[in-house]
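The values are calculated or read from the model by the stated rules, or taken from the named source; none is laboratory data. Remember, it's a predicted structure, so these values are computed and weren't measured experimentally. Cβ atoms come from the backbone with ideal geometry, glycine included; neighbour counts cover every protein chain shown. Each accessible area value is taken on the protein alone, full model and side chains, heavy atoms only, with ligands, DNA and RNA left out. Shrake-Rupley method; radii C 1.70, N 1.55, O 1.52, S 1.80 Å.
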Amino acid sequence: MKMPEKIDSIMFAPCGMNCQMCENHLKDHGCPGCLIESTNKTKAALNCKIRACLDKKEFKYCGRCSQFPCKLIKKQDKNYKKRYNFSSYDNAKKIKNSGISRIMSENRLDWICPECEGIIAIQSRKCSDCGYEK
């Protein structure tokens with residue numbers, strides 16, 4: 001999948017994960033993204049406690065909550081760092097400081113393949129098109 005010129009903010013999950021760069025999104029008929037209503041999501045996305053929390057609080061992103069960072073975010077961030085060497089917390093924190101448009105532009109630059117302009121998946125750090133490894 002080629003990296004779009006501009007990533008829609010709906011692809012930014014409440015927790016700080018950019019769904020555009022998620023392996024589950026990049027698969028054929030994959031997860032559409034955490035903020036998009038669909039039954040085609042992964043089990044983890046459908047049962048996400050972070051998203052359920054924000055639905056109750058009527059926030060779109062954790063970084064805008066007065067309780068940020070909470071236990072849920074800290075636990076998820078610890079797991080992401082261990083599994084993928086990626087901090088969803090740092091990404092979520094940037095929304096509070098920089099805004100969603102800026103973080104989406106930065107993510108685009110950080111995860112675009114320099115070889116073919118495909119999308120590099122955060123989890124595997126491989127390009128979805130050519131297999132380039134970051």
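Some observations on this one:
- Residue match in region 40-60 (condition: in a loop (DSSP other than H, G, I, E, B), at positive phi and out of contact with any helix residue (DSSP H, G or I) (no Cβ under 8 Å at 6 or more places or on another chain)): yes
- If the condition is being farther than 13 Å from Tyr84 by Cα and open to solvent by less than 80 Å² (accessible area, probe 1.4 Å), then region 117-131 contributes Gly118, Ile119, Cys127, Ser128, Asp129, Cys130, Gly131.
- Selection of region 23-39 for residues being closer than 15 Å to Phe86 by Cβ and out of contact with any helix residue (DSSP H, G or I) (no Cβ under 9 Å at 6 or more places or on another chain) yields only Glu23.
- Filtered residues of region 38-60 (kept if of a type in the set (A, V, I, L, M, F, W, C), surrounded by 16 or more Cβ atoms within 10 Å (Cβ to Cβ) and within 16 Å of Cys19 (Cα to Cα)): Ala45, Cys48, Ile50
- Counted residues, region 100-116 - those being in a loop (DSSP other than H, G, I, E, B) and surrounded by 13 or more Cβ atoms within 10 Å (Cβ to Cβ): 2
- No other residue among Gly118, Gly99, Gly131 is among the small types (Gly, Ala, Ser) and touching a strand residue (DSSP E or B) at 6+ places or on another chain (Cβ under 7 Å) apart from Gly118.
- Residue in region 77-99 that is modelled with the highest pLDDT, counting only those that are in a helix (DSSP H, G or I) and open to solvent by less than 30 Å² (accessible area, probe 1.4 Å): Asp77
- The set of residues from region 61-76 being part of a helix (DSSP H, G or I), in contact with a Lys or Arg (Cβ under 8 Å, 6 or more places away or on another chain), of a type outside the set (Gly, Ala, Ser) and open to solvent by less than 100 Å² (accessible area, probe 1.4 Å) comprises just one member, Leu72.
- Scanning region 20-37 for residues that are in a loop (DSSP other than H, G, I, E, B) and either open to solvent by less than 40 Å² (accessible area, probe 1.4 Å) or at pLDDT 90 or above (or both) gives Cys22, Gly30, Cys31, Pro32, Gly33, Cys34, Leu35.
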